[in-house]
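Working notes, structure below.
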Amino acid sequence: MKARNLMFCAALATLSLASCTNKEIYKDVEARVDSLLSKMTLDEKLGQMNQLSPWNFDELAEKVRKGEVGSILNYTDPELVNKIQKVAVEESRLGIPLIVARDVIHGYKTIFPIPLGQAATFNPEIVERGARVAALEATSDGIRWTFAPMIDISRDARWGRIAESCGEDPYLTSVMGAAMVKGFQGDSLDNPTSMVACAKHFVAYGAAEGGQDYNSTFVPERTLRNVYLPPFKAAAEAGCATFMTSFNDNDGVPGTANRFVLKDILRDEWKFDGMVVTDWNSAGEMISHGFCTDGKDAAEKSVNAGVDMDMVSETFIKNLKLSVDEGKVSMQAIDNAVRNILRLKFRMGLFEHPYVDVPSVPVKYAETHLQAAKEAAEQSVILMKNDSRTLPFTDKMRTLLVTGPMADAPYEQLGTWIFDGEQEHTQTPLKAIKEMYGDKVNVVYEPGLGYSRDKSLNGIAKAVNAARRADAVVVLVGEEAVLSGEGHSLANLELQGAQRQLVKALAATGKPLVTIVMAGRPLVIAEEAEASDALLYSFHPGTMGGPAIADILFGKVNPSAKTPLTFPRMSGQVPVYYAHNNTGRPAKPDEMLIDDIPVGAGQTSVGGRSFYLDAGAKPLYPFGYGLSYTSFEYSDLKLSSDTFGPEDEITATVELRNAGRYDGTEVVQLYVQDKVGSVTRPVKELKAFRRIFLKAGESTAVSFTLPVSELAFWGYDMRYKVEPGDFKLWVGTNSAEGLSADFAVSVR
Ligand code: GLC
C-alpha cells in the first residue's frame, strides 16, 4: 500500500510538471488558433464567448448556424448533441465545434459519495478513480466539460454547498481537487473520454457571511493567499483547463469582475492559459449586486477583468459589439478571450472529432464502476463512536431492526447536485442488509419517520416495539438531499423533524443502538451521539452506499475514514475549524461551563478567554478524526534534525502498530505549527497524510519527507516565504492528538 501511495505521489508530481495542457504536445495549437482567429468577424468572436443552456432546439440551431454560440450546457442526449454539433461544424461559416458541458459533480449515472464524503476517504487515488468513472460515463453521452471540482474552502456548515466541497482544509482540498482534475481530464484533453475540469468557484465563495449562500465575503488578500487560493493553484498545476468565477462579492468586488484574482493572480502569477467562464448568469447578477448599471456594464466589467465566456446571461453577445465600437472593451481583450476558448477546443481535439461515438457496450453502471463507487463509499463512512465493541455485529445477533427515514431513501442517499443519477439504481442500506446478510440475521424494518423533516411521532411507537423484539437496532437519520447543496443554507444544524425523538426513544429500550447519519454537512448530533452505542457518519454515500454500510456493520469492511472538517457541538459554534489562530486569550482545556457557574458569580470569575460559556472551546469531533474496529498505536516520533535551513527537507518517522484484533487502515496525519510569525499563524496546519494498511499485530515505520519550503506563507510584507524560527510538528490520528516534536528553521 505504501509503495502505491508513493507511486501516486510521484505520478502527481510528474503530472504537475507535464500537466494536461503540456506545452510541448500543443505547440501547433497556437498557430491554428491565430489562423482561425484571423478569419473571424467580431460577431463570430462574441459568439464563441456565449454559452447557452438551451430549451428549444430550433432556436438554438438558428443561433449556432449564425455563429452566435460557443458552448452549451445541459444537453445529455448523445443524438441531440451530435445533431447540434453537426449544425455548428457543417452549417456555420467557420465550422467551429461547440463545447458541451454539464454539472457532473460526484458521478454521472454511477453516483459516488458527495465530494465531502470523498474527502473523508483521505484517498486521492479513489477520488481520481471516481472522477475517471464519471468522465467515462458522461463523455459517452457527449458531455466533454464538467463544472467540477468545487474546491471552495468551507468552514461553515450552515452553508449548503459545503456538501460539494472537500471541507475546511487547504491541503486536503488541494490534494483532492488535483485528483479530481486528473480523473476527469485523464492523460490528454484530446482523448474522447477526457472531460475538461473546471476549478470553481473562484474565489472564497465558501466564506459567505453567516453561511448564507450567495452572501458577501470579506476575505483580505493575505487570507485569500494562505487559505482560499492554494487549492485553485494546485488545480491549475494539475492542468485544470478551466476556471469558473464565483457569485460572491469579496470586499465589495463580485468574483466575475475581480481583476485582481482573474488577471493579476491567475494569469500573471500562475501563467494559467486555460479558459475562464462565469457562473450561471453571474455577469447579469452584478446588476443586483449594485456593481453594474446594466447588462452592457456587466459585460464590459467581466471581460475587462479577464472573463472569457459568459454562462447564459447573454450580456456579452448582446452588448460587447457596441462596447468595442465605443472603445470600452478593446479588440485585444476580445481576442484574448476567444484565443483562450479556441485553444481549449483545439486541445480537446474537437476539430478532429467533434461528434460523440456512443459506445457499443454501454458504460453506464458498469460493474467496475459500481465496484469503484462501493469502495469509495466504504472508505467515506466515518466511525465516530463504538462503545463496548457494539460493531461489527457478530453472529450472535438473531434479529436486527433497521429503522429511520434514511434507511430506505434511494433518492435522498444520492445527495445534492445529482441531475443524471437514477434512484432506481440506488442500493439502500435496508435493501443491502437484507440481500447481503438476510441469510444470517432476521431483518425487521420499521421506517419510524417518513422522511428527515417528518415531525409526526406516529411511527415511533411501532419502531420502539420492534426494537424491543430485536437483538440490536440500526437507525438511519440525517438529511434529505434537498437540504444541502446550492441555495440550501440552514441556521439550525440539529436533526430535522422528530429524528432526535426517534433516536432517544430507541435508546431508551436499552438495546444496542447503532446510529448512522446520512447528510450533506456536519450536523449537530451531540445528543444523538450520547444516546447511541455506536455512531457512523456517511456524507450522502451515493449509489452503492447500502452495500458499503452493510459490509461495515457486519465487519467485512473496517472503517478508515476521517472527518474532512470539524463537527460543531452546537450550531452557534460555526464557523469552527482546527487551523484557527491562537488568539491572545486561548481557552484552557478545563474551562468552567455555563451549568457550573455559581449563582451570583462575579463578572471576572469565569470566562475571559476565547470560548463559549454554553458550548466550551472544543468541537464535538475534530478535523481528521475517525475510529477503526482495531486500534492503532503511535510511538517513537523522530525528526531527521532539530534545526533546518530553508532548502532542507524534514524527515519525520513514527512507529505505527495495529494493536487490535482487526486488519485495518489508518490515515496517518502530519501537522506543523509555526509558533511565531510576522503575522499570526494557525495553531497547526495539515502538511501531509498517508493511508497505511496493517494486519492485526503488525507494525511499521511511517516516514514523511517535508521540504522546509512547504512551511512558506504570505507574511506581513505580502511575500511568500519561510520565516526562520521555532516550529512544532505532530504525527497522529487526528488534528487534536498525536506525538509532537519541536524543531527550528534557521537562516543558513
Ligand atoms: C450554478 C452553480 C455552479 C454550476 C452552474 C451551472 O448556479 O453555482 O456551481 O456549475 O450554476 O449549473
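The values are calculated or read from the model by the stated rules, or taken from the named source; none is laboratory data. Everything quoted here is computed from the prediction, not taken from an experiment. Every residue, glycine as well, gets a Cβ built from its backbone with ideal geometry; the counts of neighbours run over all protein chains shown.
Restricting attention to region 540-573, the residues that are within 23 Å of the chain's Cα centre (by Cα), closer than 30 Å to THR426 by Cβ and assigned to a loop (DSSP other than H, G, I, E, B) total 14.
Where in region 391-479 are the strands (runs of 3 or more DSSP E), entirely inside, with at least 1 residues that are aromatic (Phe, Trp, Tyr)? Working first, answer last.
Numbers: elements: 399-403, 442-446, 472-478.
Qualifying strands (runs of 3 or more DSSP E): 442-446.
Out of everything in region 155-166 that is closer than 13 Å to GLN118 by Cβ and assigned to a helix (DSSP H, G or I), what residue ends up being nearest to the ligand (Cβ to nearest atom)? It would help to see each step written out before you state the result.
Filtering region 155-166 down to residues closer than 13 Å to GLN118 by Cβ leaves 163-166.
Checking which are assigned to a helix (DSSP H, G or I) leaves us with 163-164.
Details: ALA163: 12, GLU164: 8 Å.
Out of the qualifying residues, it is GLU164.
For region 204-308, list the helices (runs of 4 or more DSSP H) that sit wholly inside it and hold at least 1 residues that are touching a helix residue (DSSP H, G or I) at 6+ places or on another chain (Cβ under 6 Å), in contact (Cβ under 8 Å) with a residue 12 or more places away in the chain and within 25 Å of ASP717 (Cβ to Cβ); which are they? So the answer is 230-237.
Among the residues of region 314-324, is there at least one that is outside any helix (DSSP H, G or I), within 16 Å of the ligand (Cβ to nearest atom), over 24 Å from THR139 (Cβ atoms) and modelled with pLDDT of 95 or more? Show your work before the answer.
Of the residues in region 314-324, the ones outside any helix (DSSP H, G or I) are 314.
Retained after the next criterion (residues that are within 16 Å of the ligand (Cβ to nearest atom)): 314.
This time we only want the ones that are over 24 Å from THR139 (Cβ atoms), so: 314.
Filter again for modelled with pLDDT of 95 or more, leaving 314.
Yes, the conditions are met somewhere in region 314-324.
Considering region 75-111, the residues that are assigned to a loop (DSSP other than H, G, I, E, B) and β-branched (Val, Ile, Thr) include one that is nearest to the ligand (Cβ to nearest atom), namely ILE105. Quick check: is even one residue across region 494-510 touching a strand residue (DSSP E or B) at 6+ places or on another chain (Cβ under 7 Å), in a loop (DSSP other than H, G, I, E, B) and either among the hydrophobic types (A, V, I, L, M, F, W, C) or free of Cβ contacts under 8 Å to residues at least 12 places away in the same chain (or both)? Checking region 494-510: at least one residue is touching a strand residue (DSSP E or B) at 6+ places or on another chain (Cβ under 7 Å), in a loop (DSSP other than H, G, I, E, B) and either among the hydrophobic types (A, V, I, L, M, F, W, C) or free of Cβ contacts under 8 Å to residues at least 12 places away in the same chain (or both).
Could you tell me whether region 369-385 includes any residue that is free of Cβ contacts under 8 Å to residues at least 60 places away in the same chain, in a loop (DSSP other than H, G, I, E, B) and under 23 Å from the mean Cα position of the chain (by Cα)? Taking every residue of region 369-385 in turn, none turns out to be free of Cβ contacts under 8 Å to residues at least 60 places away in the same chain, in a loop (DSSP other than H, G, I, E, B) and under 23 Å from the mean Cα position of the chain (by Cα). Evaluate the following for VAL324: is it touching a His at 6+ places or on another chain (Cβ under 8 Å), surrounded by fewer than 24 Cβ atoms within 10 Å (Cβ to Cβ) and on the phi < 0 side of the Ramachandran plot? Answer is no for this residue. Exactly one residue out of GLY697, GLY715 is modelled with pLDDT of 95 or more and either closer than 17 Å to SER560 by Cβ or out of contact with any Ser or Thr (no Cβ under 8 Å at 6 or more places or on another chain) (or both): that is GLY697.
Condition check ((1) within 27 Å of GLU300 (Cα to Cα); (2) in contact (Cβ under 8 Å) with a residue 60 or more places away in the chain) across all residues:
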residue: ASP28; (1), (2): no, no
residue: VAL33; (1), (2): yes, yes
residue: LYS39; (1), (2): yes, no
residue: LYS66; (1), (2): yes, no
residue: GLY70; (1), (2): yes, yes
residue: SER92; (1), (2): yes, no
residue: ILE96; (1), (2): yes, yes
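Okay, residues lined up against (1) closer than 30 Å to LEU694 by Cβ; (2) of a type outside the set (Phe, Trp, Tyr); (3) in a loop (DSSP other than H, G, I, E, B); (4) at pLDDT 95 or above:
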| residue | (1), (2), (3), (4) |
| --- | --- |
| ALA3 | yes, yes, no, no |
| MET7 | yes, yes, no, no |
| THR14 | yes, yes, no, no |
| LEU17 | no, yes, no, no |
| TYR26 | no, no, no, no |
| SER38 | no, yes, no, yes |
| ASP43 | no, yes, no, yes |
| GLU59 | no, yes, no, yes |
| VAL69 | no, yes, yes, yes |
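Of everything in region 256-288, what is within 14 Å of the ligand (Cβ to nearest atom) and over 16 Å from MET49 (Cβ atoms)? Give them in sequence order.
We begin by selecting, within region 256-288, every residue within 14 Å of the ligand (Cβ to nearest atom); these are 256, 276-285.
Listed by number, the list holds a single entry, GLU285.
For region 34-55, the tally of residues that are closer than 28 Å to THR76 by Cβ and surrounded by fewer than 22 Cβ atoms within 10 Å (Cβ to Cβ) stands at 4. Considering only residues in region 461-498 that are surrounded by fewer than 18 Cβ atoms within 10 Å (Cβ to Cβ) and within 22 Å of ALA432 (Cα to Cα), the one that is nearest to the ligand (Cβ to nearest atom) turns out to be ASP471. Pairs linking a residue in region 692-710 that is under 12 Å from THR630 (Cα atoms) to a residue that is of a type in the set (Asp, Glu), with Cβ atoms under 8 Å and 6 or more positions apart or on different chains, are PHE693/ASP663; LEU694/ASP663; LEU694/GLU666; LYS695/ASP663; ALA696/ASP663. Is there a residue being more than 16 Å from the ligand (Cβ to nearest atom), surrounded by 24 or more Cβ atoms within 10 Å (Cβ to Cβ) and closer than 22 Å to GLU479 by Cα anywhere in region 136-154? Among the residues of region 136-154, not one is more than 16 Å from the ligand (Cβ to nearest atom), surrounded by 24 or more Cβ atoms within 10 Å (Cβ to Cβ) and closer than 22 Å to GLU479 by Cα, which makes the answer no.
Please state which one of ASP190, ASP169 is at pLDDT 95 or above, farther than 19 Å from ARG102 by Cα and more than 16 Å from the ligand (Cβ to nearest atom).
Details: ASP190 fails: farther than 19 Å from ARG102 by Cα.
Exactly one residue qualifies, and that residue is ASP169.
Do we have PRO231 as closer than 27 Å to LEU670 by Cβ, more than 14 Å from the ligand (Cβ to nearest atom), surrounded by 24 or more Cβ atoms within 10 Å (Cβ to Cβ) and not aromatic (Phe, Trp, Tyr) here?
Working: closer than 27 Å to LEU670 by Cβ: yes; more than 14 Å from the ligand (Cβ to nearest atom): yes; surrounded by 24 or more Cβ atoms within 10 Å (Cβ to Cβ): yes; not aromatic (Phe, Trp, Tyr): yes.
Here the answer is yes, as PRO231 does meet what is asked.
Would you list the strands (runs of 3 or more DSSP E) that sit entirely within region 632-748 and hold 2 or more residues that are among the acidic types (Asp, Glu)?
Details: elements: 632-639, 649-658, 664-674, 685-694, 699-707, 725-734, 737-745.
Where strands (runs of 3 or more DSSP E) fall fully within region 632-748 and carry at least 2 residues being among the acidic types (Asp, Glu), they are 632-639, 649-658, 664-674, 737-745.
Of all the listed residues (ALA135, ALA119), the sole one being under 19 Å from GLU367 (Cβ atoms), at pLDDT 95 or above and either part of a helix (DSSP H, G or I) or not charged (D, E, K, R) (or both) is ALA135.
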